[in-house]
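Data block below; observations after.
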Amino acid sequence: MNSNPRQLQLLEAVRLRESLTVDELAEMLGVTLQTVRKDIQKLAAQGLLMRFHGGVRTPTSTIENLAYRQRETLHAEGKARIARAVAAQVPNDCSLILNIGTTTEAVAKALLRHTGLRVITNNLNVATILSDNPDCEVIVAGGSVRLRDRAIVGEATIDFIRQFKVDIALIGVSSIEADGTLRDFDLREVKVAQTIIAQAREVWLAADASKFNRPAMIQLATLAQIDALFTDAEPPAPFPELLKNAQVRMHIER
């Protein structure tokens, strides 16, 4: 690596925070946005950073996700905006499935004032959050509890979810790749999510901008299986064209 002191400082800042926007880096380093973008371009070409729309993050593995506590704080503001946008579209008196993920947990918080909801979930964090809403019936899937994030996965979970047909399935993913595939890291989690998609009349995807062009190993679905996407920034090319061709309704909550 042949980097100047500013670029080394940039790398260290991203390493400590896991992810930073271009604006945050420019302010932190006391330089222009153009200078930061040039530094990012050089460092990304060396494989030292991974770019996403509006920022950078540490390089990630295709086989292992970030730790739950890291994901919980990463892009928290964007996830909160997405959650509000989702909640604004969810009608009262409907049925939903909310799956695993910190974004779906943010959506659960945004649904606390809804009435007449029946929510099925394989996420104990979602169940705990929505149990504070007296006008919401929460149904928890059976299966094995994944201790690191309180997700419920396995064959028993799949069998349980197959009993239902809901109005809306709200899912999160780890990766949206440039070929239009949605991907994740855990095969058991993916199998449950695929069942959730099959048991819903509408499928909504909630994903912050960092998920575009992020690598992950296991294909969960394609954009053609999604009815609506909720995100926090304009997706980079080629995603707008892919979303249009797949007839996905896009909601951008900046």
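The values are calculated or read from the model by the stated rules, or taken from the named source; none is laboratory data. None of these values were measured; they are calculated from a predicted model. All Cβ positions, even for glycine, are placed from backbone atoms using ideal geometry, and neighbour counts span all protein chains on display. The area values use the complete protein model at the heavy-atom level, side chains included, leaving out ligands, DNA and RNA. Shrake-Rupley method; radii C 1.70, N 1.55, O 1.52, S 1.80 Å.
Scanning region 209-245 for residues that are open to solvent by 20 Å² or more (accessible area, probe 1.4 Å), within 25 Å of Asp186 (Cβ to Cβ) and not basic (Lys, Arg) yields Asn213, Pro215, Met217, Ile218, Gln219, Thr222, Ala224, Gln225, Asp227, Asp232, Leu242. Are any residues in region 13-31 more than 23 Å from the chain's Cα centre (by Cα) and open to solvent by 80 Å² or more (accessible area, probe 1.4 Å), and if so, which ones? Answer for region 13-31, where residues must be more than 23 Å from the chain's Cα centre (by Cα) and open to solvent by 80 Å² or more (accessible area, probe 1.4 Å): Glu27, Met28. In region 198-208, which residue that is open to solvent by less than 10 Å² (accessible area, probe 1.4 Å) and touching a helix residue (DSSP H, G or I) at 6+ places or on another chain (Cβ under 8 Å) is nearest to Gly78 (Cα to Cα)? Per the stated criteria, the residue is Asp208. Among the residues of region 3-40, what is the count of those that are in contact (Cβ under 8 Å) with a residue 40 or more places away in the chain and farther than 21 Å from Ala209 by Cα? Total meeting the criteria: 1. With respect to being open to solvent by less than 10 Å² (accessible area, probe 1.4 Å), modelled with pLDDT of 95 or more and more than 14 Å from the chain's Cα centre (by Cα), Ile171 falls outside the description. Quick one: which residue in Ala45, Ala88 is over 15 Å from the mean Cα position of the chain (by Cα) and modelled with pLDDT of 95 or more? Being over 15 Å from the mean Cα position of the chain (by Cα) and modelled with pLDDT of 95 or more holds for just one of Ala45, Ala88, which is Ala88. Summed over region 32-48, residues that are of a type in the set (A, V, I, L, M) and loosely packed, with under 11 Cβ neighbours inside 10 Å total 1. You will find that of Ala127, Ala85, Ala80, the residue that is assigned to a helix (DSSP H, G or I), surrounded by fewer than 23 Cβ atoms within 10 Å (Cβ to Cβ), touching a residue at least 60 places away in the same chain (Cβ under 8 Å) and among the small types (Gly, Ala, Ser) is Ala85 and no other.
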